[in-house]
Amino acid sequence: MTHRYFEDVEPGTVEEFGSYEVTEAEIVEFAERYDPQPFHVDREAAEESIFGGLIASGWHTAAMTMRMLVDNVIDPETTMGSPGVEELRWRVPVRPGDVLSVRQELLEKRPLESRPEAGLFRYRSETLNQDDEVVMTLVGAGMIARREPGEG
């Protein structure tokens, strides 16, 4: 495996990846544990809700997106974590049977002055369903190892 370092990523790069099928059982299991609102855990109550049926928690959608990021673009040898997320929006409900994928654009990158072995990058991710509808957007940052650490 070729490892991806700070020097290997360029602003403007767009990657598309992943294929994650969402099941009703997983929606309910996640929601019962972390977000037990009726439209996430009870099919009958969900049908009477504004959503007209069972939907995944937005936090579950974020977790499924993270899984696809880890499986497809985050290098376990060079990742150095994240200082956080700037923006997170749930655009369209995720339903049982949806198949999710991710489109991610690298917005900018810069070396970290305080950590010469690391660089920081900002990205925008869109999670899409099988109909290419954007179900979630996320703008965040990540830290990645530098192949050639700078000074300072």
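Please treat every number below as a calculation from the coordinates, not as lab data. Quick caveat, the model's predicted, so the values are computed rather than measured. Please note: Cβ atoms are built from the backbone with ideal geometry, for glycine as well, and neighbour counts cover all protein chains shown.
For region 118-124, 3J(HN,Hα) computed residue by residue from phi via the Karplus equation (6.51, -1.76, 1.60; θ = phi - 60°) reads 10, x, 10, 10, 10, 9, 10 Hz, glycine and proline entered as x.
Karplus-derived 3J(HN,Hα) values for region 77-89, using 6.51 cos²θ - 1.76 cosθ + 1.60 with θ = phi - 60°, are 7, 10, 5, 10, x, 9, x, x, 10, 8, 8, 9, 9 Hz; glycine and proline are entered as x.
So for the chain, averaging the separation of alpha carbon pairs under 8 Å that are six or more residues apart and normalising by length, what relative contact order in percent results?
Values: 322 pairs, mean separation 44.1, N = 152.
That works out to 29 percent.
Pop the C-beta distance of SER19 and SER82 into the FRET formula with R0 = 35 Å and round what comes out to the nearest 0.05. The value I calculate is 0.90. Close amide H contacts of ASP98 (hydrogens built in the peptide plane, cut-off under 5 Å, sequence separation of 5 or more or a different chain): VAL22.
For the chain, the Kirkwood radius over C-alpha pairs fed into Stokes-Einstein at 37 °C and 0.692 mPa s yields D = 197 µm² per second. With a ≥ b ≥ c the root eigenvalues of the C-alpha gyration tensor of region 1-90, is it rounded (a/c under 1.5), prolate (a/b larger than b/c) or oblate? Judged from the Cα gyration tensor, region 1-90 comes out prolate (a/c at least 1.5, a/b above b/c).
Within the listed set ASP98, ASP35, ASP131, the Gaussian network model of the chain (springs between alpha-carbon atoms below 10 Å) gives the highest mean-square fluctuation for ASP131.
Each residue of region 11-16 is assigned a 3J(HN,Hα), and the resulting list reads x, x, 5, 10, 10, 10 Hz, derived from the Karplus form 6.51 cos²θ - 1.76 cosθ + 1.60 (θ = phi - 60°), x at Gly and Pro. When the helices of the chain are scored as -39500 (n - 2.57) per DSSP H run of n ≥ 4 and the total is divided over every residue, the value at 222 nm lands at -6500 deg cm²/dmol.
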